[in-house]
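Encoded as structure tokens, the structure appears first; notes follow it.
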Amino acid sequence: MLGAIGLDERQESAYRALVALGAAEVSDLAHRLALPEADTERALRRLEQHGLAAQSSARTGRWVAAPPGVALGALLTQQRHELEQAELAAVLLAEEYRADAAEPAVHDLVEVVTGASAVAHRFHQLQLGATSEVCALVTGKPIAVSGLDNQSEERAAIRGVSFRVVVEREVLALPSGILELSAALSRHEQCRVVDRVPTKLVVADAALAMVPLTGRGAEPAALVVHASGLLESLMGLFEAVWREAMPLRLGESGLPREDVTGPDPTDLEILSLLLAGLTDASVAKQLELGLRTVQRRVKGLMELTGVSTRLQLGWHAYERGWVSREPRA
């Protein structure tokens, strides 16, 4: 937790232990931390540089913790000042970049990023740098970043960045597919499903896009596309897929019940997954329900709408607002 002010895990553990004890000998602290005394003393020296610990004037080899409220407060104030200076520098550099790149050369509109770590870093950077909206087309075969590793998406959502995501139906069948999508929906992201997306794609603020470059078996690589006609085409591709995709509704993200005889959240989950193309057995597996339970609930929905086929049920679901291609007001 204190990594933001420059402490590594070992130094933070040493400071926490020292705070708990108030003061301690190097040997006692090393025993408490299960570290060699030399490593413990190096950690204490680092804490001393940060003003978080000091050697006792009364006894050689004894260390005393600085009061957290004072010591950490000073470090945080310094960190805020440095961040303000970095933000100012970023604004100035951005203005300089816009002035120098008002009409960029064609070859500067596309970057080639090669290697799994480089692709992952650029992907996270793109999402963390977004200020308004991220749009994405997602397949079931990640190139460099899996859904569970995509912490930048959660951090961007917390900042108020909106997300529109279209996933392939294959994603729903993955072991972590429903879990990841449920987490996204809980952050009020909009998710839709299609049988197959034409390509992986992520677009930030309609100003920067990233698409895969290499095929199966090759080293991961991607194209980063800046504002241009090509970027507009990629955004148009996303919008076309988005319009045709089926909205996904899971758990408490479903519409509220309008009356006691209407579908409950589990009914809406089942209906959403069925309309996304999953079989009864797949729906039962993903929602951890019995197959007969799923079939019974579908039958109940058909009786509720007075239809005799599932095709009719899908039609009535749209008519009644249980599912919709656009969010209901």
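Among residues of the stretch 156-193 being of a type in the set (Gly, Ala, Ser) and more than 13 Å from the chain's Cα centre (by Cα), the one that is farthest from Ser132 (Cα to Cα) is Ala173. Pairs linking a residue in the stretch 191-205 that is on the phi < 0 side of the Ramachandran plot to a residue that is among the acidic types (Asp, Glu), with Cβ atoms under 6 Å and 6 or more positions apart or on different chains, are Arg196/Glu168; Val197/Glu168. Residues in the stretch 38-67 that are surrounded by 13 or more Cβ atoms within 10 Å (Cβ to Cβ), farther than 16 Å from Asp8 by Cα and under 40 Å from the mean Cα position of the chain (by Cα): Ala65, Ala66. Within the stretch 261-282, residues that are free of Cβ contacts under 8 Å to residues at least 24 places away in the same chain and closer than 14 Å to Arg192 by Cα have Cβ atoms under 6 Å from residues that are assigned to a loop (DSSP other than H, G, I, E, B) and open to solvent by less than 40 Å² (accessible area, probe 1.4 Å) in these pairs: Glu269/Leu250, counting only partners at least 6 apart in sequence or on another chain.
Here are some residues: Val203, Val165, Val134. Which one is open to solvent by less than 50 Å² (accessible area, probe 1.4 Å), touching an Asp or Glu at 6+ places or on another chain (Cβ under 7 Å) and at pLDDT 80 or above?
Numbers: Val203 fails: touching an Asp or Glu at 6+ places or on another chain (Cβ under 7 Å); Val134 fails: touching an Asp or Glu at 6+ places or on another chain (Cβ under 7 Å).
Going through Val203, Val165, Val134 in turn, the sole match is Val165.
Of the set (1) at pLDDT below 85; (2) open to solvent by less than 30 Å² (accessible area, probe 1.4 Å); (3) within 20 Å of Gln127 (Cα to Cα); (4) not small (Gly, Ala, Ser), all apply to Leu172 but (3).
The values are calculated or read from the model by the stated rules, or taken from the named source; none is laboratory data. Predicted model only: the values in this text are computed from it and were never measured. No Cβ is skipped: glycine too gets one built from the backbone with ideal geometry, and neighbour counts run over all protein chains shown. Surface areas here come from the heavy atoms of the whole protein model, side chains and all, with no ligands, DNA or RNA. Shrake-Rupley method; radii C 1.70, N 1.55, O 1.52, S 1.80 Å.
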